[in-house]
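Trainee: After the structure tokens below, expect a handful of questions from me.
Where a number appears in this text, it was derived from the coordinates with a stated rule and is not lab data. None of these values were measured; they are calculated from a predicted model. Positions of Cβ are generated from backbone atoms using ideal geometry, with glycine treated the same way; all protein chains shown enter the neighbour counts.
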Amino acid sequence: MRASPTLADGFPDLSQMQIAREIHWRRWLAAAAIVVVLAAIARAFANGQIEWSYVSRFLTAKVILQGIVNTMVMAVLAMALGIVLGVVAAIMRLSPNPVLKSVAAGYTWLFRGTPLILQLLLWFNLALVFPTIGIPGLWTARAVDVMTPFLAALLGLGINQGAYTSEVMRAGMLSVDAGQYEAAQAIGMGRLRALRRIILPQAMRVVIPPLGNEFIGMVKATSLASVIQYPEVLHNAENIYYANSRVIELLIVAGCWYLLVVSILTPLQMLLERHFARGTARIIR
């Protein structure tokens with residue numbers, strides 16, 4: 001056996017030795033197992049009782065396209081309502097006023113503590129508690145006429161989202177250095193103006209990522225509104241397969257549309273995050 005060359009200081013010379021590459025056999029086993037599972041799933045779908053011609057036929061059906069439009073309209077409006085309520089509740093939680101703080105905490109506790117589908121059903125059946133709603137002496141109407149599936153879904157999704165958004169916004173505002181508040185007060189800014197001009201813009205880089213995820217979740221959460229007959233994409237798909245009994249095919253159609261919408265929203269979310277992170281992003285080499 002030939003001894004390795006040594007340097008003048010007596011230590012072995014390792015410069016000529018070859019580096020042995022580690023064989024990551026666990027990675028290969030895991031990859032092979034995943035491929036086998038995916039192949040088995042693909043084979044099951046290929047050989048299952050699925051008429052793929054129905055999938056392609058209803059993928060662009062008018063009622064399905066109308067359903068995806070209704071889904072996006074509801075997602076945007078409910079998210080906008082949730083952001084407004086979330087900002088107000090977060091400001092109230094950070095207020096020194098104990099009454100405002102307690103009301104905001106109670107709102108968050110109530111709507112985060114009950115299932116969303118339960119809230120939707122309660123809003124839709126509000127007429128059982130309040131037969132008429134309105135402003136006494138100015139306007140009244142039957143609750144059953146006012147609380148349409150659209151309005152019930154908007155209130156249920158938006159108010160529920162506001163409870164979660166309030167925690168996101170509160171975390172974002174707490175992430176802003178306290179010196180920013182002090183600087184705003186030093187130049188004579190009021191509390192609300194400081195929040196609008198200084199605090200909230202700086203908090204955006206913290207709250208945009210979770211808000212983006214919340215919006216993507218909202219798109220999928222609109223499917224719960226099918227239980228109160230709101231005509232979003234899943235509800236319309238259900239109406240079709242009730243008529244033709246092609247359950248799996250129509251569920252695949254709805255799933256394809258959800259995946260397409262999320263695939264479009266994800267890079268848009270990344271662009272928005274990059275925009276608000278300008279000047280603070282760190283490049284890791």
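Trainee: Out of Met173, Met189, Met74, any idea which swings most in a Gaussian network model of the chain, alpha carbons joined below 10 Å?
Mentor: Met189
Trainee: When the chain is modelled as a GNM with alpha-carbon springs shorter than 10 Å, which of Gly48, Gly217, Gly172 fluctuates the most?
Mentor: Maximum fluctuation in the GNM of the chain, among the listed residues, is at Gly48.
Trainee: Under the Karplus relation 6.51 cos²θ - 1.76 cosθ + 1.60, θ = phi - 60°, what is the ordered set of whole-Hz ³J(HN,Hα) values for the stretch 105-122, x standing for Gly and Pro?
Mentor: For the stretch 105-122, the Karplus-derived couplings read 5, x, 4, 5, 4, 5, 7, 8, x, 10, x, 4, 5, 5, 5, 4, 5, 5 Hz, x marking Gly and Pro.
Trainee: Also: What shape does the stretch 12-145 take by its C-alpha gyration tensor, where a ≥ b ≥ c are the square roots of the eigenvalues and a/c under 1.5 counts as rounded, a/b above b/c as prolate, and the rest as oblate? Intermediate values should be presented prior to the final figure.
Mentor: Details: a/c = 3.70, a/b = 1.61, b/c = 2.29.
The shape class here is oblate.
Trainee: Would you work out the relative contact order for the stretch 168-242, in percent, from Cα pairs under 8 angstrom that are 6 or more residues apart? Walk me through the numbers on the way to the answer.
Mentor: Working: 38 pairs, mean separation 21.3, N = 75.
Contact order relative to length: 28 percent.
Trainee: Quick one: if the Förster radius is 41 Å, what FRET efficiency do His24 and Glu273 give, using the C-beta to C-beta distance and rounding to 0.05? Spell out each step's value before the answer.
Mentor: Values: r = 33 Å, r/R0 = 0.79.
Efficiency, rounded to the nearest 0.05: 0.80.
Trainee: Determine the distance separating the Cα centre of the stretch 40-56 from the Cα centre of the stretch 219-248; give it in Å without decimals.
Mentor: So the separation of the two Cα centres works out to 21 Å.
Trainee: For the chain, find the longest principal axis of its Cα atoms and tell me its angle to the long axis of helix 233-244, 0 to 90°, nearest 10.
Mentor: The two axes meet at around 80 degrees.
Trainee: Next question, about the same structure. Given the options Asn70, Asn97, Asn47, state which has the largest fluctuation in a GNM of the chain using a 10 Å cut-off (strictly under) for Cα springs.
Mentor: Judging by the Gaussian network model, the answer is Asn47.
Trainee: Report relative contact order for the chain in percent, whole number only (criteria: Cα-Cα under 8 Å, sequence separation at least 6).
Mentor: Numbers: 266 pairs, mean separation 67.9, N = 285.
In percent, rounded to a whole number, it is 24.
Trainee: Using a/c under 1.5 as the rounded threshold, could you call the chain rounded, prolate or oblate? The axes a ≥ b ≥ c are square roots of the C-alpha gyration tensor eigenvalues, and prolate needs a/b larger than b/c, oblate otherwise. If you can, show how the numbers build up before the last one.
Mentor: On the way: a/c = 3.16, a/b = 1.27, b/c = 2.50.
It comes out oblate by the Cα gyration axes.
Trainee: Only helical DSSP H runs with n ≥ 4 go in: add -39500 (n - 2.57) per run for the chain, normalise by residue count and round the 222 nm mean residue ellipticity to 500 deg cm²/dmol. Numbers along the way, then the final one.
Mentor: On the way: 12 runs with 195 residues, N = 285.
After summing the helix terms and dividing by residue count, I get -23000 deg cm²/dmol.
Trainee: Does anyone have the angle between helix 149-175 and the longest principal axis of the chain? Alpha-carbon axes, 0 to 90°, nearest 10?
Mentor: Orientation of helix 149-175: about 50 degrees from the principal axis.
Trainee: Further, regarding this structure: Under the classification rounded if a/c is under 1.5, otherwise prolate if a/b is larger than b/c and oblate if not, where does the stretch 129-263 fall, given a ≥ b ≥ c as square roots of the Cα gyration tensor eigenvalues?
Mentor: Details: a/c = 4.76, a/b = 1.57, b/c = 3.03.
Oblate shape, in that a/c is at least 1.5 and b/c is the bigger or equal ratio.
Trainee: Between helix 247-276 and the chain, what is the angle of the helix's C-alpha long axis to the longest principal axis, kept within 0 to 90° and rounded to the nearest 10?
Mentor: Roughly 70 degrees between the two axes.
Trainee: Another one. Using only alpha carbon pairs under 8 Å that are at least six residues apart, calculate the relative contact order of the stretch 79-182 and give it in whole percent.
Mentor: Details: 113 pairs, mean separation 47.5, N = 104.
Reported as a whole number, the value is 46 percent.
Trainee: By average Cβ neighbour count within 10 Å, what is the ranking of 241-248, 103-110 from highest down? Spell out each step's value before the answer.
Mentor: Working: 241-248: 13.1, 103-110: 15.8.
Highest-to-lowest ranking by the protection proxy: 103-110, 241-248.
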